[in-house]
């Protein structure tokens, strides 16, 4: 089990953070998850937190990032909202994670059979749900221009919605845009398949350095 430490996070590169998520999902899919000692994790993290990644995902109860990527307490910042959409509060949370805590990877994670996307397609209008679903509408139009063969899973709107959220983050957050341009953080887009547990890391905007060592122990 990895010790949660400031030194570990400082020495981690964005690409290595990406590898940690990839390897974690492989363990999850193959039922080879690490045996997390939660009491030990509480002791390790009680004086501070050093999550290596911040993940914006859907609130769907089947899409817990900590489980999907086989991570424990203190490993991830997890921001969850229906349809993994972006608003000012979410941008502020992302900026806090990368600038003030030092997370090296920012990921937007969508999933197949998303209820928010289905509702947006159906034009549902009810209370505050109406405004949220309007944020997904551009993804529906964008998905019509894509070939389903472009992706591992046949859910083009889910992919387009992830892409739109990433683009909105980069467009609206000067902090994220600057840190990404400097190579201080990496951006990743993925779609989770609720039937298989597999994540399609279809957009990997991290750069691997020659000195990077493969991370396989978390």
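The values are calculated or read from the model by the stated rules, or taken from the named source; none is laboratory data. Computed from a prediction, not measured in an experiment: that's the story for all the values here. FYI the Cβ positions are ideal-geometry reconstructions off the backbone, even for glycines, and counts take in every protein chain you see.
Residues that are surrounded by 17 or more Cβ atoms within 10 Å (Cβ to Cβ) and within 17 Å of residue 18 (Cα to Cα) within region 177-197 comprise 179, 180, 185, 186, 187, 188, 189, 190, 191, 192, listed in sequence order. Selection of region 68-88 for residues being within 13 Å of the chain's Cα centre (by Cα) and under 25 Å from residue 119 (Cβ atoms) yields 68, 78, 79, 80, 81, 83, 84, 85, 86. For region 71-83, the count of residues that are assigned to a loop (DSSP other than H, G, I, E, B), in contact with a strand residue (DSSP E or B) (Cβ under 9 Å, 6 or more places away or on another chain), under 20 Å from residue 159 (Cα atoms) and at pLDDT 95 or above is nonzero.
Quick grid of which residues meet (1) closer than 30 Å to residue 5 by Cα; (2) within 17 Å of the chain's Cα centre (by Cα):
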{"position": "90", "(1), (2)": "yes, yes"}
{"position": "94", "(1), (2)": "yes, yes"}
{"position": "105", "(1), (2)": "yes, yes"}
{"position": "114", "(1), (2)": "no, yes"}
{"position": "117", "(1), (2)": "no, no"}
{"position": "125", "(1), (2)": "no, no"}
{"position": "132", "(1), (2)": "no, no"}
{"position": "152", "(1), (2)": "no, no"}
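When region 105-122 is filtered for residues that are more than 16 Å from residue 190 (Cβ to Cβ) and in contact (Cβ under 8 Å) with a residue 40 or more places away in the chain, the ones remaining, listed by number, are 115, 116.
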